[in-house]
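Everything on this sheet refers to the single structure shown next.
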Amino acid sequence: MEKFDQPIFVTKPFLPPFEKFCEGLREIWDNQWLTNNGPVLRRYREELKTYFATDNICLFTNGTLALQIALQGMGISGEVITTPFTFVATTHALYWNKIRPVFCDIEPETFTLDPKKVEALITPWTTAILAVHVFGRPCKLDALADIAHRHKLTLIYDAAHAFGVQVNGKSIGHYGDLSMFSFHATKLYHSIEGGMLTFKDSKLNQIFSYLKNFGFKSETEVVMPGTNAKMNEMQALMGSVLLKYLNTLIEKKKNIYTIYKERLSAIPGISFSPDPAANLEYNYAYVPVLIEKTAFGMSRDELYEQLKKYNVFTRRYFYPLLTDFACYQSLALSILLDTAKTVAEQVLTLPTYADLAEQDIHKICDIIEWIHNKFC
Ligand SMILES: *Cc1c(COP(=O)(O)O)cnc(C)c1O
């Protein structure tokens with residue numbers, strides 16, 4: 001089996017045609033307005049309002065600051081129940097608000113917070129649930145909403161992976177009290193860097209606008225100690241241009257996902273999440289598989305290392321678990337996180353990006369098959 005001549009990475013940012021971005025740059029040059037709620041940003045926000053069918057949208061320079069500001073603006077404090085199977089930013093945003101993360105196990109099919117295990121962790125200090133739509137798979141929306149309602153908790157979603165996902169014909173951003181989307185270059189849809197909040201309570205619009213711009217209300221009035229988390233005109237331009245490619249992107253990602261699934265699910269020890277339910281329009285942003293050592297014949301880590309020799313660079317998202325990082329180690333009762341631990345040890349995300357050639361996907365599958373047959 002030949003290795004790839006050039007390395008294949010797990011993802012590659014999607015770029016629009018150069019001319020399309022340049023047209024917009026001309027407008028920015030003519031405006032001579034680079035940031036602070038400029039005309040391109042305002043137009044982009046209108047486009048997103050239409051896309052999400054809500055007026056409650058706030059744009060930020062990245063998703064992490066968006067989430068930090070969300071927690072701050074909503075007055076979340078004390079303890080928040082969250083998942084250890086996520087990107088570090090989810091928990092960091094709590095830490096920066098001096099909130100104690102309480103880690104809850106995940107469920108094995110979608111790797112999202114397990115509602116059956118949430119209630120046991122609620123204490124008098126619990127104020128919110130912060131769940132993550134991992135790999136764009138929706139959390140157990142109804143069960144979490146029910147728990148939040150019964151215990152009067154705020155329900156917040158880290159929807160960093162879930163742009164373009166619809167449930168029951170509605171954007172995923174309509175579920176819970178608030179959702180954070182990341183527009184980082186490595187996400188399915190991006191604005192170079194960027195972040196967005198969608199939320200139910202329209203009063204938050206004003207608060208978030210203050211918080212992302214130093215708390216300025218007017219030239220001479222500062223109404224709260226805000227920070228700087230504004231999205232600039234270049235970011236807004238990229239976001240606006242790419243919005244037109246969103247459906248094409250999702251189609252391409254779906255095709256890639258389908259090829260992997262057809263080719264690899266037959267191999268013992270490799271498993272995929274169940275196909276999306278009928279009421280779900282999924283974005284196929286990632287291709288996570290679980291590698292079960294005994295059936296496959298080698299561990300996930302061994303396969304990950306083997307693939308590198310063929311110039312295929314997969315990623316172990318999310319490994320290690322948040323609770324294995326030094327800064328959060330002391331917070332976790334690890335006996336309660338069995339599923340999260342198993343998934344973190346078995347998960348491997350495979351290369352997927354818009355211009356990944358079909359023949360290359362087949363070659364990646366051939367290599368995995370070859371490794372399985374040769375070593376196992
Ligand atoms: C990317 C990501 C973030 C952070 O978003 P940035 O825009 O990179 O700050 C937060 N949570 C999850 C789950 C992510 O994948």
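The values are calculated or read from the model by the stated rules, or taken from the named source; none is laboratory data. Please read all numbers here as calculations on a predicted model, not as lab measurements. Every residue, glycine as well, gets a Cβ built from its backbone with ideal geometry; the counts of neighbours run over all protein chains shown. Note: areas computed on protein heavy atoms with side chains; ligands, DNA, RNA excluded. Shrake-Rupley method; radii C 1.70, N 1.55, O 1.52, S 1.80 Å.
Within the stretch 201-225, residues that are in the same structural domain as N56 (by TED's automatic domain parsing) and under 16 Å from N36 (Cα atoms) reach partners that are open to solvent by 50 Å² or more (accessible area, probe 1.4 Å) and part of a helix (DSSP H, G or I) with beta carbons closer than 8 Å, at six or more positions or on different chains, in the pairs L211/Q72. Restricting attention to the stretch 318-332 and to residues that are touching a residue at least 40 places away in the same chain (Cβ under 8 Å) and assigned to a loop (DSSP other than H, G, I, E, B), the residue that is nearest to M1 (Cα to Cα) turns out to be F318. Taking the listed residues D360, D324, the one that is closer than 26 Å to F103 by Cβ and surrounded by 14 or more Cβ atoms within 10 Å (Cβ to Cβ) is D324, with no other qualifying. Quick check on the stretch 263-305: of everything there that is among the acidic types (D, E) and over 16 Å from T349 (Cα atoms), which residue is surrounded by the most Cβ atoms within 10 Å (Cβ to Cβ)? Looking at residues that are among the acidic types (D, E) and over 16 Å from T349 (Cα atoms), I get E281.
Would you mention how many residues in the stretch 85-112 are closer than 20 Å to P138 by Cβ and within 12 Å of the ligand (Cβ to nearest atom)?
7
Kindly provide the set of residues from the stretch 196-218 that are assigned to a helix (DSSP H, G or I) and of a type in the set (F, W, Y), ordered by number. Once the filter is applied, which keeps residues that are assigned to a helix (DSSP H, G or I) and of a type in the set (F, W, Y), the stretch 196-218 yields F208, Y210. For the stretch 174-204, a residue qualifies if it is open to solvent by 30 Å² or more (accessible area, probe 1.4 Å) and under 25 Å from the mean Cα position of the chain (by Cα), and the qualifying residues are H174, Y175, D177, H184, T186, K187, I192, E193, K200, D201, S202. Comparison of I81, I69, I57 shows that the only residue that is in contact (Cβ under 8 Å) with a residue 40 or more places away in the chain and within 14 Å of the ligand (Cβ to nearest atom) is I69. The residue that is nearest to I368 (Cα to Cα), counting only those in the stretch 258-295 that are of a type in the set (S, T, Y), touching a residue at least 60 places away in the same chain (Cβ under 8 Å) and touching a strand residue (DSSP E or B) at 6+ places or on another chain (Cβ under 9 Å), is Y260.
Here the condition is being surrounded by fewer than 18 Cβ atoms within 10 Å (Cβ to Cβ), within 25 Å of L337 (Cα to Cα) and among the hydrophobic types (A, V, I, L, M, F, W, C); of W96, W29, W33, it holds for W96 alone.
The residues of the stretch 113-169 that are away from the ligand (no atom under 16 Å from the Cβ), small (G, A, S) and assigned to a helix (DSSP H, G or I), listed by number, are A120, A143, A145, A148. Restricting to the stretch 116-140, name every residue that is open to solvent by 20 Å² or more (accessible area, probe 1.4 Å) and over 23 Å from Q72 (Cα atoms). The answer is K116, K117, E119, A120, P138, K140.
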